[in-house]
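To start, the structure under review is shown below, and the notes come after it.
The values are calculated or read from the model by the stated rules, or taken from the named source; none is laboratory data. The shown structure was predicted, so the numbers you read here are calculated from the model rather than taken from an experiment. Cβ placement follows ideal geometry from the backbone for every residue including glycine, while neighbour counts extend to all protein chains displayed.
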Amino acid sequence: MTAILREDPPDPAALNVAVPPAVLRALRRCLEKRPQERFESARDLAFALESSVDSSSASSGTALPPVRDRRWLIAAAATLIIGTLIGYALARVSGRSTTVAANLQPQFRRLTFDKGTIRDGRFTPDGQSIIYGAAWNGRPLKVFMARVDSPESAPLTMPDARLLSISKTGELAISLGHTYEGWMGEGTLARSSVLGSAPRVMIEHVREAEWAPDGSELAIVRRVGGLERLEFPVGTILYETGGYISDIRISPDGDRIAFADHPVFADDAGSVAIVDKQKRRSVLSDGWISVHGLAWTKDGSEIWFGGTKGSAVSGDGIYSVTPEGHQRAVLVGPTRYKILDIASDGRVLLSYDHEDKLVEALMAGSSTPVDVTLRAQSSATWIADDGSVTLIADQSSASYETYLLKAGGSPIHLGTGQPASLSPDGKWAVSTPVDGYPLFVHPTGPGSSRELPDPDKILFKLAGWLDNNHVIAFGQKAGDRSQGFVQDVNNGPPRRFTPEGSTVSTERWWSLPVSPDHTRVVAADEHEGTMIYSVNGGSVEPVKNLKPDDVVVQWTSDGRALLVAHGNGLPWVVERLDLASGERTPAATIRAHDPAGLRLSVIGISPDAKYWVHTYSRVLSDLYVVEGLK
């Protein structure tokens, strides 16, 4: 309707159809926006068509085809008549006024104008104010209040925190000291009033929380033993997953919890699901390459969510699904909206998130970093020891795609999945699929891509190469802890090499540092800290002298030291950590060009720290209240 009322149609002459010019003039008149410029009746239209065709034939000296062959004219006339009638009907419905039609369109009111990322937001119980959490202009995450009719915001008098939920009495559930590692974060759950009384600390290491409709209890999400837990009430586990859970929302009747269920940790692809108090889980809508934000309508009849399906650069929109699984589109377009809350009168609180994602690399033959981004959704975490080649993922498709890029060259498509690394001889790339299994290996030269056997359906999260014939990966079986596996690419299924009872954490890791002699790998134990594992199932040694925010990113070529990075991209400070002495020496500094809205920053680096690849994402948000969405 918007297009019919406001936009000009394509010029019919550009369609390269052999239609007389007078007929095209009649068609343009039928498509006029102003009713007074269109034909007044179907009779006038028929007369114009007949006259124009006859005059055209006479002037060209050609005879009209017999009546039985002039069905195209009848069809054209019928089409134009229908178009005229539709235009007339729309004009009548709209009162021949585009102003009335405009009033039927959703009305967007922007509330924020700073530069940064909005994490969460809710209407206050009276619906007249907004409480939201944001990190503006590179500063820490804070909680703010704004009126729905004003563009001014004011910080609440409380410590830096993330907003989690608001009860019907106006009590806040917040996360103190909420820190993010890439996309994922956690903090200490606390309760506080809007007036700014001292927060009451409740539970540590909580990722999300949501008040029950009556304000009596909280549902929470936290990660324990490598598994994500949805608890309601606190202590009662309704659902567990090796991936992660986001955007939990309790139904208005308090009986069910809707949430976004992501099979791979730190990847927002997944489904919209509900679980009841009897632990019965149902998937309502799946196959989304991104689910961002979720809320129940106040009558509990629908769940609205932001989603992307088909392509990360198209198909964005706001969708609705009922508890029975009936889905419809609410608003579809090129804009990525995150659903935050729905008021009792139907107004919607949402954030518009613009993601600026770049991949930069310092490669062989270049003295400065170059932009190697493929599309709007690219990622890279590995670079060759000599800086001659890197692997880049195109994440704009549902399955992700692996590309190889040589220094100074053009990207070469290898196959499906998120690329991890090349084999030492450079002939094969290993990639992890979006759903976690099985692993893919792709030839860099002649040959065909292969899926590696995975009879136990291990959900792999990280992968790398030991030698030319063996890959190493971390993953987990359904309902089990995350473990380390080695697999011969030419023979047999994966075999576990980590000790019984251990849980390998992959939350802070984006690559697997393998020793130069291919016998050891560095990873984090869920309880013991960062460890060096023998791939032959031998001893396990702790990595000493690490700082709390250190991430191990590479071994040095001599195997005597590790390259460790800290700073979470603001910037990354990389140091050489000697394993024997604990001595640290500077190696490299890697930074984004603008830290405002920085949300994800990961690096891959060569053993000598001379070459690197840096993927970073900035999310810049605006907050809106929208009326008229149906």
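Which ones in segment 405-414 are in a strand (DSSP E or B) and surrounded by fewer than 21 Cβ atoms within 10 Å (Cβ to Cβ)? Steps first, please.
Restricting attention to segment 405-414, the residues satisfying the condition of being in a strand (DSSP E or B) are 405-406, 412-414.
Once the filter is applied, which keeps residues that are in a strand (DSSP E or B) and surrounded by fewer than 21 Cβ atoms within 10 Å (Cβ to Cβ), segment 405-414 yields Lys406, Ile412, His413.
For segment 342-354, the count of residues that are charged (D, E, K, R), touching a Leu at 6+ places or on another chain (Cβ under 8 Å) and within 30 Å of Ile131 (Cβ to Cβ) is at least one.
Looking only at segment 619-626, decide whether some residue is crowded, with 22+ Cβ neighbours inside 10 Å, of a type outside the set (Ser, Thr, Tyr), at pLDDT 90 or above and in a strand (DSSP E or B). Yes: one or more hits.
Kindly indicate which of Asn568, Asn536 is outside any strand (DSSP E or B) and surrounded by 16 or more Cβ atoms within 10 Å (Cβ to Cβ).
Working: Asn536 fails: surrounded by 16 or more Cβ atoms within 10 Å (Cβ to Cβ).
Being outside any strand (DSSP E or B) and surrounded by 16 or more Cβ atoms within 10 Å (Cβ to Cβ) holds for just one of Asn568, Asn536, which is Asn568.
Scoring Phe460 on the criteria (1) without any contact (Cβ under 8 Å) to a residue 40 or more places away in the chain; (2) not in a strand (DSSP E or B) leaves a single failure, condition (2). Of all residues in segment 351-372, those that are within 30 Å of Val626 (Cα to Cα) and crowded, with 19+ Cβ neighbours inside 10 Å have Cβ atoms under 6 Å from Cβ atoms of residues that are at pLDDT below 95 and β-branched (Val, Ile, Thr), 6 or more apart or on another chain, in Ser351/Ile118; Asp353/Val619. With respect to Asp345, determine if the residue is surrounded by fewer than 23 Cβ atoms within 10 Å (Cβ to Cβ), assigned by TED's automatic domain parsing to the domain that holds Pro607 and not small (Gly, Ala, Ser). No, not satisfied.
Checking Pro438, Pro424 one by one, the residue that is over 28 Å from Gly307 (Cβ atoms) and either of a type in the set (A, V, I, L, M) or part of a loop (DSSP other than H, G, I, E, B) (or both) is Pro424 and no other.
Can you tell me how many residues in segment 379-393 are part of a loop (DSSP other than H, G, I, E, B) and not polar (S, T, N, Q)?
Pass one, segment 379-393, residues part of a loop (DSSP other than H, G, I, E, B): 384-388.
Next, only the ones that are not polar (S, T, N, Q) stay: 384-387.
The qualifying residues number 4.
Across segment 601-618, the qualifying residues are those that are among the hydrophobic types (A, V, I, L, M, F, W, C) and either in a loop (DSSP other than H, G, I, E, B) or touching a Phe, Trp or Tyr at 6+ places or on another chain (Cβ under 6 Å) (or both), and the one among them that is farthest from Pro369 (Cα to Cα) is Val602. Residue check: Phe265 meets all listed conditions (1) modelled with pLDDT of 95 or more; (2) of a type in the set (Phe, Trp, Tyr); (3) within 18 Å of Leu230 (Cα to Cα) but one, namely (1). Is it true that Gly436 is modelled with pLDDT under 90, in the same structural domain as Tyr611 (by TED's automatic domain parsing) and of a type in the set (Gly, Ala, Ser)? Judged against the criteria, Gly436 is a match. Filtering segment 123-164 to residues that are among the hydroxyl-bearing types (Ser, Thr, Tyr), outside any loop (DSSP other than H, G, I, E, B) and surrounded by fewer than 22 Cβ atoms within 10 Å (Cβ to Cβ) leaves Ser129, Ser153.
Comparison of Ala587, Ala592, Ala580 shows that the only residue that is small (Gly, Ala, Ser), outside any strand (DSSP E or B) and crowded, with 20+ Cβ neighbours inside 10 Å is Ala592.
Restricting the first member to segment 259-271 and to residues that are on the phi > 0 side of the Ramachandran plot and among the charged types (D, E, K, R), and the second to residues that are at pLDDT 95 or above and not in a strand (DSSP E or B), no beta-carbon pair is closer than 8 Å while six or more apart or on different chains. Considering only segment 327-342, state which residues are surrounded by 17 or more Cβ atoms within 10 Å (Cβ to Cβ) and farther than 21 Å from Arg618 by Cβ. The answer is Val330, Leu331, Ile339, Asp341, Ile342.
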